[in-house]
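Novice: First the structure, then my questions, so here it is.
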Amino acid sequence: MLSLEIPQASSEAKLTPKNRLLLVEDEDLIRDMIVVALEEEGYEVHTAIDGRSALNLLQSAEGASSEYTPDLIILDLMLPEINGLDICRLLRYQGNITPILTISAKASETDRVLGLEVGADDYLTKPFSMRELIARCRALLRRQRYSSLSHTSVQKFRDISLYPQECRVIVRGEEVNLSPKEFRLLELFMSYPRRVWSREQLIEQVWGPDFLGDTKTVDVHIRWLREKLEEDPSQPQYLITVRGFGYRFG
Ligand code: CA
């Protein structure tokens, strides 16, 4: 049966206030290009031309009522004064959890890996297209939105209880073994009961934007989850197929 309930999220994007992005880049030409592209996408962009001014901007704000807290930081790694890796390391050390996308002219594996190791969330290697940059920004902002809402306490829905911190799931009084992906999928579903998810959205949330497989992966995992959660997997009561859209929970 086709449910025509409108998922909340469809109107959500338009209602959210502008995302604030901080761009730290010392090369004028690249900085200007990125600013134009991001502003065209509707983002509010602040810029810093070196590491020190970026840190000043982020740190002077601490505790102040007019604090500047970006939703995402785009950080060039090769910067005068303080380099991008050190900024990243310092922000994470200070407990700043703003998503960071690093950009770097260096194609070297080491830099990218180092960036991720010191707490960056994603990276792009120059030259990159503005479309690619925007896609990465969107993905990071979305990921953050959902993870900031994700629960740390037990979630219950009818006969299913999920314990996020223990990675345990109890169904009708019995513990079931889920793979990490199945667990993450169920956790996402339970965080948003009745919300309809497309396969692409589920891939992005559970497998990440870099996943290269196809969306059938989602169907396979849903089938496995149904076998573990549903009393009758052929008549699912929890993981419901919404024809033409994707899946919803409950
Ligand atoms: Ca640079």
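The values are calculated or read from the model by the stated rules, or taken from the named source; none is laboratory data. Quick caveat: nothing in here was measured; it's all calculated off a predicted structure. Backbone-built Cβ (ideal geometry, glycine too); neighbour counts: all protein chains shown. Areas reflect the complete protein model, heavy atoms only, side chains present, ligands, DNA and RNA absent. Shrake-Rupley method; radii C 1.70, N 1.55, O 1.52, S 1.80 Å.
Novice: Using the Kirkwood radius built from alpha carbon pairs, what does the Stokes-Einstein equation give as D for segment 162-246 at 4 °C and 1.567 mPa s, in µm² per second? Mind dumping the intermediate values first?
Specialist: Numbers: Rh = 13.4 Å.
D = 97 µm²/s.
Novice: Pairing the Cα long axis of helix 216-229 with the longest principal axis of the chain, what angle in degrees results, from 0 to 90 and rounded to the nearest 10?
Specialist: With rounding to tens, the tilt is 50 degrees.
Novice: May I pose another question? Going by alpha carbons, how many degrees (0 to 90, nearest 10) lie between the helix axis of 130-149 and the longest principal axis of the chain?
Specialist: 60 degrees
Novice: Run the accessible area of the chain with a 1.4 Å probe and give the carbon-and-sulfur part as a rounded percent.
Specialist: Working: 7080 of 13820 Å².
Summing carbon and sulfur atoms, their accessible area is 51 percent of the total for the chain.
Novice: From the helices alone, meaning DSSP H stretches of at least four residues, give me the mean residue ellipticity at 222 nm for the chain, per-run term -39500 (n - 2.57), in deg cm²/dmol to the nearest 500. Numbers along the way, then the final one.
Specialist: Details: 9 runs with 98 residues, N = 250.
-12000 deg cm²/dmol, from helical runs alone.
Novice: Enter the angle in degrees (range 0 to 90, nearest 10) between the Cα long axis of helix 84-93 and the first principal axis of the Cα atoms of the chain, meaning the one along which they spread out most.
Specialist: Roughly 50 degrees, rounded to the nearest 10.
Novice: Quick one: which residues, 5 or more positions from Ile103 or on another chain, have an amide H under 5 Å from its amide H? H modelled 1.01 Å from N in the peptide plane, none for Pro or chain starts.
Specialist: Under 5 Å from the amide H of Ile103 lie the amide H atoms of Leu75, Asp76, Leu77, Leu124, each far enough along the sequence or on another chain.
Novice: From the Cα trace of the chain, what convex hull volume per residue do you get, rounded to a whole Å³? Mind showing how you got there, number by number?
Specialist: On the way: hull volume 38.1 nm³, N = 250.
Dividing the Cα hull volume of the chain by its residue count gives 152 Å³.
Novice: With every protein chain left in place, what is the accessible area per residue of the chain in square angstrom, probe 1.4 Å? Write down the numbers at each step before the final one.
Specialist: Values: 13820 Å² over 250 residues.
With all protein chains present, the chain gives 55 Å² per residue.
Novice: For Glu117 paired with Arg52, estimate the spin-label separation in nm (one decimal), with each label point 7 Å from Cα along the Cα-to-Cβ line.
Specialist: So the label points at Glu117 and Arg52 sit 2.8 nm apart.
Novice: I've got another one for you. With each label point set 7 Å from Cα along the Cα-Cβ vector, what nm distance links Glu174 and Tyr68?
Specialist: Spacing of the two 7 Å Cα→Cβ label points: 5.8 nm.
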